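All remarks here apply to the structure that follows.
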Amino acid sequence: IGVNWGTQMSHPLFAPDVVRALVSNNVGRVKLFEAEPRIMSALAGSPLEVMLGIPNDMLETLATDAAAASNWVLMNVTHYYLRKKRVNIRYVAVGNEPFLAGYNKSFEGVTLPALKNIQAALSKAKFADQIKATVPLNADVLQPRDPGNQDPSTGVFRNDIKMLMDDIVKALASTGAPFTINLYPFISLAQDPNFPSEYAFLDGCFQVQYGQSTYRSVFDATFDMLVAALTDSGFPNMEIIVGEAGWPTDGFPSATPSNARRFNQALVSRIISPSPPGTPMRPGTVLHAYIFSLFDEDLKSIAPGNFERHWGLFTYDGQPKYLLNTSGSSSGLEKVGGVDYYPALWCVLKPGIAVPQGQIDFACSAADCTPLVPDGGSCYPTLSPEQAASYAFNSYFQLKDQVPSSCDFQGNGIITGVDPSTPNCRFIRQI
């Protein structure tokens, strides 16, 4: 089982405690978006396989300067791989979804040369056999040959980047590296009100017939569209890794713990299955995938949606959000141990005061208030306007490490030792 370990959190958990929890929860692989020293040090000597990421903003430097690529490998691969307590690096992820339409082609000229320079640097450092460079790509690099026919077997790479994708696939094949694709059925569902919800799950009861092939999930259909595109590019047997797949638990009507559990349990069950089903175009193939994500991340941008801070299997403080069976037993995930909290203090709206919308807006401009959104926020249906104001005040107060002045809100806030949480809405206490 693989997980993405993101770091866009205001108060990260102690990395060695996280590593211990991963191992005890039967996680065998982690994917990192950058080589953060505290995490890399915590991974040293652990059995976890690591996919180590290079951020998109480094691609231009690595593309134009082979020495910079060699130095990156020296500092972030050699430094951790050759020590007595090794970090078990298996892949380097060069960029992350660099060809997203939203990037306006910013990375199209630099991704391939950066990949080649990292490949050359790994080879020069004698890691070519053990560590493979890959490029995690969004499924929007794919399209059917005929826009009117969604048959996965007609998949090709997107017209505007077809030649570039062919060259990237050739470069991956030259080193025996896998193709890495991120698959998000939840996003398909969230962006299209007419999308059949059952088709977003791996165990759904909706099915689509294309010729002799039956598809019960958009996950499998998109996977096979990639198989077809790789075949079209001349590499029908290239290994495929699913770099990200997951389901959020808040901030959107279908982003619930029960839906997240359903999606991720089916994904995990497929990963650990002794007789994996594969897909119509790759029957019986073992699924190599990384769940997105390990933790909720309160500093993530909510531009993609209010759900963006809620992909975690675990809450910000390392509590499992739902029962997930990762080992064949039914015990569920173990929490992250050793978590230390700030004192049992919360910030709330003073009793009897009119709800100060301006102060709520101020709090929510910095802190995470997405559980309060009307369209799918988990706290929205059950809190009074006064409680919602308290939620916003407390989120800000905890973000600011419970500094007393951060509960002032122009005289509208007050610190309390009584937990204001409700059965359906947890008011956080910072770690």
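To keep it simple, each residue is scored yes or no on (1) in the same structural domain as LEU100 (by TED's automatic domain parsing); (2) part of a loop (DSSP other than H, G, I, E, B); (3) closer than 23 Å to ARG29 by Cβ.
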position	(1), (2), (3)
ALA190	yes, no, no
LEU202	yes, yes, yes
PHE206	yes, yes, no
ALA229	yes, no, no
GLY243	yes, no, yes
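Filtered by the rule that a residue be in a loop (DSSP other than H, G, I, E, B), out of contact with any helix residue (DSSP H, G or I) (no Cβ under 8 Å at 6 or more places or on another chain) and either modelled with pLDDT under 95 or closer than 21 Å to VAL218 by Cβ (or both), segment 148-180 gives GLY148, ASN149, ASP151. What pairs come out if I take residues in segment 81-101 that are farther than 26 Å from ILE181 by Cα and pair them with residues that are buried (at least 20 other Cβ atoms within 10 Å of the Cβ) whose C-beta lies under 9 Å away, six or more apart or interchain? So the pair list comes out as ARG86/TYR80. Given the structure, is GLY358 surrounded by fewer than 16 Cβ atoms within 10 Å (Cβ to Cβ), free of Cβ contacts under 8 Å to residues at least 60 places away in the same chain and not assigned by TED's automatic domain parsing to the domain that holds ASN264? Spelling it out, GLY358 is indeed surrounded by fewer than 16 Cβ atoms within 10 Å (Cβ to Cβ), free of Cβ contacts under 8 Å to residues at least 60 places away in the same chain and not assigned by TED's automatic domain parsing to the domain that holds ASN264.
Quick grid of which residues meet (1) of a type in the set (A, V, I, L, M, F, W, C); (2) under 20 Å from TYR184 (Cβ atoms):
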| site | (1), (2) |
| --- | --- |
| ASN104 | no, no |
| GLU108 | no, no |
| ILE118 | yes, no |
| LYS124 | no, no |
| ASP129 | no, no |
| ALA139 | yes, yes |
| GLN143 | no, yes |
| PRO147 | no, no |
| GLN150 | no, yes |
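Annotation note: Cβ proximity below 7 Å between a residue of segment 9-26 that is at pLDDT below 95 and a residue that is in a helix (DSSP H, G or I) (sequence gap 6+ or interchain) occurs for no pair. Screening segment 31-46 for residues that are outside any loop (DSSP other than H, G, I, E, B) and touching a residue at least 40 places away in the same chain (Cβ under 8 Å) and picking the one that is surrounded by the fewest Cβ atoms within 10 Å (Cβ to Cβ) gives MET40.
In the condition set (1) out of contact with any helix residue (DSSP H, G or I) (no Cβ under 8 Å at 6 or more places or on another chain); (2) buried (at least 16 other Cβ atoms within 10 Å of the Cβ), GLY102 is compliant with all but (2). Please go through segment 66-91 and pick out each residue that is crowded, with 20+ Cβ neighbours inside 10 Å and in contact with a helix residue (DSSP H, G or I) (Cβ under 6 Å, 6 or more places away or on another chain). ALA69, VAL73, TYR80, VAL87, ILE89, listed by residue number.
Of all residues in segment 303-318, those that are over 13 Å from SER254 (Cα atoms) have Cβ atoms under 7 Å from Cβ atoms of residues that are surrounded by fewer than 22 Cβ atoms within 10 Å (Cβ to Cβ) and of a type in the set (Asp, Glu), 6 or more apart or on another chain, in ARG309/GLU297; ARG309/ASP298; TYR316/ASP298. Tell me yes or no: at least one residue of segment 361-373 is of a type outside the set (D, E, K, R), free of Cβ contacts under 8 Å to residues at least 12 places away in the same chain, outside the structural domain of HIS11 (by TED's automatic domain parsing) and over 21 Å from TYR184 (Cα atoms). Yes: one or more hits. Considering every residue within segment 409-428, establish whether at least one is surrounded by fewer than 13 Cβ atoms within 10 Å (Cβ to Cβ) and not in a loop (DSSP other than H, G, I, E, B). No: zero hits. Restricting segment 61-74 to residues that are more than 25 Å from the chain's Cα centre (by Cα) and not hydroxyl-bearing (Ser, Thr, Tyr), the residue that is nearest to GLY45 (Cα to Cα) is LEU74. Only one of (1) surrounded by 21 or more Cβ atoms within 10 Å (Cβ to Cβ); (2) touching an Asp or Glu at 6+ places or on another chain (Cβ under 7 Å); (3) outside any strand (DSSP E or B) is not met by VAL19, so which one is it? With (1) surrounded by 21 or more Cβ atoms within 10 Å (Cβ to Cβ); (2) touching an Asp or Glu at 6+ places or on another chain (Cβ under 7 Å); (3) outside any strand (DSSP E or B) applied to VAL19, the lone miss is (2). Checked against (1) modelled with pLDDT of 95 or more; (2) in a loop (DSSP other than H, G, I, E, B), ASN259 meets all criteria but (2). Summed over segment 129-165, residues that are closer than 19 Å to LEU59 by Cα and charged (D, E, K, R) total 1.
The values are calculated or read from the model by the stated rules, or taken from the named source; none is laboratory data. The model shown is predicted, which means the values in this text are computed figures rather than measured ones. Positions of Cβ are backbone-derived with ideal geometry, glycine not excepted, and every protein chain shown enters the neighbour counts.
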